[in-house]
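S.K.: Sharing a structure, written as structure tokens. Questions coming.
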Amino acid sequence: MFVAIIAMLATGKYLDRIHRHGAPELVGDVRGITAPNFDLATLDGQRVKLSDYRGKAVLLNFWATWCGPCKVEMPWFVDLQKKYGNDGLVILGIAMDDSETPKIAQFASEMGVNYPVLLGTDKVSEEYGNVEFLPTSFYIDRDGRIVGKGTGLLGRSEIEQNVRKALASPVAGMNKAQTSPTQSNDAKVPAIAQ
Amino acid sequence: MIRVLCSLLLAFALVGLALSQEPGTRVPSVTMAPVGKIQVRAGSTANVEMDFRIGSEFHINSNKPHSELLIPTTLKLNATDALPVVTVKYPVGQDMSFPFAPNEKLSVYSGDFTITAVVKVAAKATTGNYPVSGELRFQACDRSACYPPRSIPVKFEVTVAGR
């Protein structure tokens, strides 16, 4: 009886989340779920959609300037972007700050960030399962599916392992040549320093 | 049949519990203890001590963090003409290092801390009870992650006695 009550409460809680938002939120095991698309502004005012990067492996990192653990990961992301950029890795930082954009830009510059930083919104946070815990990262394969999620500060090796997992998956219906970064739509999206 | 049903229910329960305990659903708690009776005469001042408790495993920035990027803990009280707030005194933060920045000292509060507000009752204030409300804003982290800034309501009551 006790187990039944817990089951009903737990299931009800999950179903309530689904009903409130119309689609399953990114809670629990999110692997295999298509990453929600978004349209966010970069620090210099360009618009970026996740779908712009279809065919690439994406590391989506939610962070903030006031988040100490986020600062630890950033130099690792810079290295990983250099190391795997030519293999098709794109790192996107989503700043969840209330700070003014120039302050975020200055911080990113001081950290040597070599990947696009986007200005986060409540909407994108909600769509990614109410990101309240920073840093939170999603690892998205070339086909737009989530292959991993990390909450809180992870070790560099664990992050790199997730990156490799995202890079390893081919795009559905495309051969390897088609997924080459040289044939992607780089011209339309912010440049990434290699 | 009953065994199958029980197994299914157990599986549902475990999945549900796993979902509800996913990292990122924990909320750092800061709570305020009720403030005792404050009685003061018109025209004089009173120190109002507010005791707060931070949930274990969490810390919040002090009122004077060592970096301007960090969000300080602040108390805002809605003052009235009859009961203006003269000043708010914050405790000095503890300088602590954390695993995510072992070489850096952060000025933080953890466990219990007390903020003192000095209120001055106007000389012309009539006797009676004066509720004061406001909010404490803080930004919490644990050993490996941080949470967005949050606010909790703060309230107490000052009783103004005759001269």
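The values are calculated or read from the model by the stated rules, or taken from the named source; none is laboratory data. All values reported here derive from a predicted model rather than from experimental measurement. All Cβ positions, even for glycine, are placed from backbone atoms using ideal geometry, and neighbour counts span all protein chains on display.
S.K.: Within the range A:97-115, is there a residue that is under 17 Å from B:S144 (Cβ atoms), at pLDDT 95 or above and surrounded by fewer than 17 Cβ atoms within 10 Å (Cβ to Cβ)?
M.R.: At the first step, the residues of the range A:97-115 found to be under 17 Å from B:S144 (Cβ atoms) are none.
The answer is no, given that none of the residues of the range A:97-115 is under 17 Å from B:S144 (Cβ atoms), at pLDDT 95 or above and surrounded by fewer than 17 Cβ atoms within 10 Å (Cβ to Cβ).
S.K.: Cβ-Cβ below 6 Å, separation at least six or inter-chain, first residue in the range A:131-152 and under 22 Å from B:P99 (Cβ atoms) and within 11 Å of chain B (Cβ to nearest Cβ), second among the acidic types (D, E) and surrounded by 20 or more Cβ atoms within 10 Å (Cβ to Cβ): which pairs?
M.R.: A:P135/A:E73
S.K.: Ok, one more. So A:M74 passes all but one of these: (1) of a type in the set (A, V, I, L, M, F, W, C); (2) at pLDDT 95 or above; (3) in a loop (DSSP other than H, G, I, E, B). Which condition number does it fail?
M.R.: Among (1) of a type in the set (A, V, I, L, M, F, W, C); (2) at pLDDT 95 or above; (3) in a loop (DSSP other than H, G, I, E, B), A:M74 violates only (3).
S.K.: Residues that are over 13 Å from the mean Cα position of the chain (by Cα) and not aliphatic (A, V, I, L, M), at least 1 per element: which strands (runs of 3 or more DSSP E) completely within the range B:54-163 meet that?
M.R.: B:85-89, B:94-98, B:101-109, B:112-120, B:128-138, B:150-161
S.K.: When you look at A:S99, is it of a type outside the set (K, R) and touching a residue at least 24 places away in the same chain (Cβ under 8 Å), yes or no?
M.R.: Taking the combined requirement at face value, the residue satisfies it.
S.K.: Follow-up question, since we're still on this one. So for the range B:144-161 (the condition being under 18 Å from B:K76 (Cα atoms), within 14 Å of chain A (Cβ to nearest Cβ) and free of Cβ contacts under 8 Å to residues at least 40 places away in the same chain), does at least one residue qualify?
M.R.: From the range B:144-161, those under 18 Å from B:K76 (Cα atoms) are B:149-158; that's our starting set.
Those still in the list that are within 14 Å of chain A (Cβ to nearest Cβ) too: B:149-151.
Keeping just the survivors that are free of Cβ contacts under 8 Å to residues at least 40 places away in the same chain gives B:151.
Looking for residues that are under 18 Å from B:K76 (Cα atoms), within 14 Å of chain A (Cβ to nearest Cβ) and free of Cβ contacts under 8 Å to residues at least 40 places away in the same chain, one finds at least one in the range B:144-161, hence yes.
S.K.: Right, here's the next one. Select from the range A:77-96 the residues that are surrounded by 17 or more Cβ atoms within 10 Å (Cβ to Cβ) and assigned to a helix (DSSP H, G or I) and write down the one among them that is farthest from the other protein chains (Cβ to nearest Cβ).
M.R.: Quick first cut of the range A:77-96, residues surrounded by 17 or more Cβ atoms within 10 Å (Cβ to Cβ) only: A:77-78, A:80-81, A:84-85, A:88-96.
Cutting the leftovers down to assigned to a helix (DSSP H, G or I) gives us A:77-78, A:80-81, A:84-85.
On the way: A:F77: 15, A:V78: 17, A:L80: 18, A:Q81: 21, A:Y84: 24, A:G85: 26 Å.
Ranking the qualifying residues of the range A:77-96, first place goes to A:G85.
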